[in-house]
Amino acid sequence: MREQPDNLIERERAYLVGGEVRSSRPLLTVEDSLRELAMLADTAGMEIVGQATQRLQQIDPNTYIGSGKVEEIKLELESQEAEVVVFDDELSPRHQRQLEKAFGESIKVLDRSALILDIFGQHARTREGALQVELAQYEYLLPRLTRQWTHLERQAGGGAARGGTGGVGLRGPGETQLEVDKREIGRKIIRLKEELERVRAHRSQHRRQRSRAGVPVIALVGYTNAGKSTLLKAVTGADTYIANQLFATLDPLTRRVDLPSGRHILLTDTVGFIQKLPTTLIAAFRATLEEVTEADILLHVVDASHPNVLQHIETVEDTLAAIDMPPVPRLLVWNKMDRLENSVTPVLAGAEEYFAESKVSARSHAGVPELLATIENCLSVFLQKTRLLIPYDRGDLVSHLYESANVEKQEGVEEGILLTVQLPPALVPRYQAFRVK
């Protein structure tokens, strides 16, 4: 029997399984993907006791990896005293049921999606984050319900879930517990979507206020653990949660930054991306991800020292396409340059799609001033140059322009103050009446 010190919480013993279909073209090799899965399992609080890979001509319709491999893994689970087996791809409800039968009741069967949802449930620190995670968990759970899953609250791990309505209702004539459970989950999904729609409307109102103020919004995007939160702290001094683990940050955080010219911008950090991100999670985090889609500029932060950095860049770009990201200027920020030998970054196909590239070490602040100058240059290129005539009694507008736009020239004339400015697109309607044609 395994012994555990009294002062430590025992970690679940996990066995990892990766499959690779020969005809597929995954971004990462099965070995690299399993290494990432091991990091996910560690973040979720598991102890890795072994792993197996299986290369397949095609996915087995019953057990995903084939009955022979299942028997082989079953023996390994027994010898390693494993409590949970984690598959690197999303299992269909049929696959999960068959694997649970094959491995026995003492072994919990999870897939990558369930593991990511569990991590999100642990890391959601706001009501909004908990709601989004709970919705994704229930939508993942619904098609996978079996007769043994009658206590819904133990499945949805978000804080909101634990504070939910409690047990399921009474059964009507002829109803099975499974049918009651499905109906209860359906009601919960509807309620959560309604709550999140209110959150979305509230966020939209805040964005409209920011837009009227004319302050450019710069969004940080990137693969999980690329260092976005560390960069936000380096630039703003914000007290953000930073950890060397996957998905340390879920809830969006926005802080004001003063550029070298004195112009203000808003810098927003949000959830990181990862390969094979569950589609239910992308849909559930719609309100949060709209912070990205409404940005004026994207800073794509990458871990320059990671051996799979090019694949990470492709994953992020694919995810941005999936959320219909508008064609806004993008800056590529090579982070963690202090860990890279010779400071030489990999050759990136499609680098011309980025406005510019910057090299920084967010932890040591190296390269941060140059990054801010690059952001300023990008804003200047994409601002609309115009001339405005502001009445002398509207000094508030002049002050606002100096804070939110790039004022190139100011002179006093008989009718008022004549300004040559570069306006952010969001400010153009506000100052339309003052334009000099």
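The values are calculated or read from the model by the stated rules, or taken from the named source; none is laboratory data. The structure displayed is predicted, hence computed values, not measured ones. For neighbour counting, all protein chains shown are included, and Cβ atoms are generated from backbone atoms with ideal geometry for every residue, glycine included.
Could you say whether any residue in segment 265-277 is under 28 Å from ASP111 (Cα atoms) and among the hydroxyl-bearing types (Ser, Thr, Tyr)? Scanning segment 265-277, I find at least one residue that is under 28 Å from ASP111 (Cα atoms) and among the hydroxyl-bearing types (Ser, Thr, Tyr), so the answer is yes. Of all residue pairs spaced 6 or more apart or on separate chains, none has beta-carbon atoms under 8 Å together with a first member in segment 320-340 that is closer than 20 Å to ILE218 by Cα and not assigned by TED's automatic domain parsing to the domain that holds ASP296 and a second member that is buried (at least 21 other Cβ atoms within 10 Å of the Cβ) and modelled with pLDDT under 90.
In segment 105-127, the qualifying residues are those that are assigned to a strand (DSSP E or B) and charged (D, E, K, R), and the one that is farthest from LEU91 (Cα to Cα) is LYS108.
Residues are listed down the side, and each one gets a yes or a no for (1) surrounded by 15 or more Cβ atoms within 10 Å (Cβ to Cβ); (2) farther than 14 Å from LEU145 by Cα; (3) touching an Asp or Glu at 6+ places or on another chain (Cβ under 6 Å):
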{"position": "LEU75", "(1), (2), (3)": "no, yes, no"}
{"position": "VAL86", "(1), (2), (3)": "yes, yes, no"}
{"position": "LEU91", "(1), (2), (3)": "yes, no, yes"}
{"position": "HIS95", "(1), (2), (3)": "yes, no, no"}
{"position": "ALA102", "(1), (2), (3)": "yes, yes, no"}
{"position": "VAL109", "(1), (2), (3)": "yes, no, yes"}
{"position": "LEU115", "(1), (2), (3)": "yes, yes, no"}
{"position": "GLN122", "(1), (2), (3)": "yes, yes, no"}
{"position": "GLU128", "(1), (2), (3)": "yes, yes, no"}
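Close contacts from segment 123-141, counting a first residue that is at pLDDT 85 or above and a second that is acidic (Asp, Glu), with Cβ to Cβ under 8 Å and a gap of 6+ residues or different chains, come to LEU131/GLU195. Determine whether segment 235-243 contains at least one residue that is modelled with pLDDT of 70 or more, surrounded by 14 or more Cβ atoms within 10 Å (Cβ to Cβ) and under 22 Å from ILE119 (Cβ atoms). No, segment 235-243 contains no residue that is modelled with pLDDT of 70 or more, surrounded by 14 or more Cβ atoms within 10 Å (Cβ to Cβ) and under 22 Å from ILE119 (Cβ atoms). Cβ-Cβ contacts under 6 Å between residues 6 or more apart (or on different chains), taken from a first residue in segment 371-390 that is over 17 Å from LEU267 (Cα atoms) to a second residue that is surrounded by 18 or more Cβ atoms within 10 Å (Cβ to Cβ) and among the hydroxyl-bearing types (Ser, Thr, Tyr), are listed as LEU388/TYR431. Each residue in segment 260-299 was checked for being farther than 26 Å from VAL199 by Cβ, buried (at least 17 other Cβ atoms within 10 Å of the Cβ) and modelled with pLDDT of 85 or more, and 2 of them qualify.
Matching residues to (1) modelled with pLDDT under 95; (2) within 30 Å of HIS312 (Cβ to Cβ):
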position	(1), (2)
VAL49	no, yes
GLU71	no, no
ASP89	yes, yes
GLU100	yes, no
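Does ASN342 qualify as being among the polar types (S, T, N, Q), modelled with pLDDT under 90, within 29 Å of LYS228 (Cα to Cα) and in contact with a strand residue (DSSP E or B) (Cβ under 6 Å, 6 or more places away or on another chain)? No.
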